[in-house]
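One structure is given here, and the rest of the page talks about it.
Values quoted throughout were computed directly from the atomic coordinates according to the rules given, and no laboratory measurement underlies them. Model, not experiment: these values are computed from the prediction. Glycine also receives a Cβ, built like all others from the backbone with ideal geometry; neighbour counts cover every protein chain displayed.
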C-alpha cells in the first residue's frame with residue numbers, strides 16, 4: 001500500500017478552527033499534520049496582533065523542524081497576516097529558506113490566495129477581514145502590491161476575538177464588501193470560520209468566493225500533485 005501524501009500545517013496558538021476545517025477537506029490518500037506556532041498574549045484579539053505575528057515568525061525555524069519530522073510533501077504557514085508582516089521580499093526569502101532546510105515545499109496562506117485568484121482568473125477582488133481596520137488596510141495594500149485591484153473592502157465590526165466569530169458573521173462580511181466590479185470575494189483570516197458559507201456566498205453574489213482556509217488547502221493539495229475535486233465548499237476546491 002502506498003504511503004499517504006502528508007501535508008503539514010503551522011497553526012497559530014489559540015486558533016480552534018484550522019485543524020477541524022483542514023481535516024474536513026482532506027481527500028482519501030492524504031493525511032494532515034499540525035504544529036502550533038509560538039506567540040504570547042491574548043490570541044485572536046486585535047490588541048498585540050503585530051507583536052504576535054513577529055513572535056511566530058521568529059520561532060518558525062524550530063516549528064518547521066518539528067513538523068518536518070513527519071516528512072510532509074508540503075508545509076503550510078496557516079496564518080495570512082504573517083505575510084502582511086513579512087512583506088513581499090521577506091515572504092519570498094522565508095519560503096526559499098524553509099524549502100532549502102526541509103526539502104519539502106513550503107507555502108503560505110497568502111501565497112495560496114494569490115495562486116487561487118490566478119486560477120480563478122480574478123484580478124479584481126473584494127476583501128473582507130476580521131482584523132482591526134488598520135490591519136485590514138495593510139492586507140489590502142499587500143494585495144495591491146502583488147498587482148491586484150481591490151474595489152471593495154471592509155473589516156468586521158465589533159470583534160472581541162477573531163476566534164469567537166461565526167460563519168454567519170463571515171457571510172455578512174462577504175456580502176458587505178462585495179461590489180459589482182469585483183470578480184471574486186476573498187475573506188482573509190484562517191481563524192474565522194468560513195468553509196460552511198462559501199458556496200452560499202458564491203450563489204448569492206454570482207462570483208467565486210474564497211477564504212484563506214479554502215485557498216491554502218487547495219494550493220497545498222495541488223502543490224502535492226493531488227487533484228481530487230472537493231465539492232460543497234466553493235468553486236475553487238472543485239478545480240484542478
Exercise for review: Name the residue, out of 220, 182, 209, whose mean-square fluctuation peaks in a Gaussian network model built on the chain with Cα pairs under 10 Å.
Suggested key: 182
Review point. Modelled label-to-label distance, residue 38 and residue 61, 7 Å Cα→beta-carbon offset: nm?
Key: 1.1 nm
Point to revise | Length gained when the stretch residue 99-residue 228 is fully extended (0.36 nm per residue, less Cα-Cα span) | key: 44.0 nm
Exercise for review: Kindly state, to the nearest 0.05, the FRET efficiency for residue 157 paired with residue 54, given R0 = 25 Å and r defined as their beta-carbon distance.
Suggested key: 0.45
Review point. Which value at 222 nm does the chain reach when only helices count, each DSSP H run of 4 or more adding -39,500 (n - 2.57), with the total divided by all residues and rounded to the nearest 500 deg cm²/dmol?
Key: -13500 deg cm²/dmol
Exercise for review: Evaluate the relative contact order of the chain (contact order divided by residue number), counting alpha-carbon pairs under 8 angstrom at least 6 apart; express in whole percent.
Suggested key: 20 percent
Check your understanding: With a 10 Å Cβ neighbour count serving as the proxy for reagent exposure, in which order, fewest first, do 185, 5 appear?
Key -> 5, 185
Review point. Pulled fully out, how much extra length does the chain show between residue 31 and residue 239, if you take 0.36 nm times their separation in residues and subtract their Cα-Cα distance?
Key: 72.9 nm
**Study point:** Packing-based exposure ordering (other Cβ within 10 Å, fewest first) of 59, 79
**Key:** 59, 79
**Study point:** Within a Gaussian network of the chain (alpha carbon springs, distance under 10 Å), most fluctuating of 66, 195, 173
**Key:** 66
Check your understanding: Out of these labelled values of percent of Cα pairs over 25 Å apart, (i) 40; (ii) 35; (iii) 58, which was calculated from the coordinates shown here?
Key -> (ii)
Review point. What's the extension gain from residue 89 to residue 19 if we count 0.36 nm per residue and subtract their Cα-Cα distance?
Key: 22.3 nm
Review point. Points 7 angstrom from Cα along the Cβ direction at residue 118 and residue 200: gap in nanometres?
Key: 3.3 nm
Point to revise | Relative contact order computed over region 113-212 (Cα-Cα under 8 Å; 6+ residues apart), in percent | key: 32 percent
Check your understanding: How much FRET efficiency would the formula 1/(1 + (r/R0)^6) give for residue 3 and residue 144, where r is the Cβ-Cβ distance and R0 is 30 Å, rounded to 0.05?
Key -> 0.10
Review point. For the residues 205, 18, what sequence is obtained by ranking on other C-beta atoms within 10 Å, fewest first?
Key: 205, 18
Check your understanding: Pick from 70, 226, 38: which is most flexible by mean-square fluctuation in a GNM of the chain where alpha carbon atoms under 10 Å apart are linked?
Key -> 70
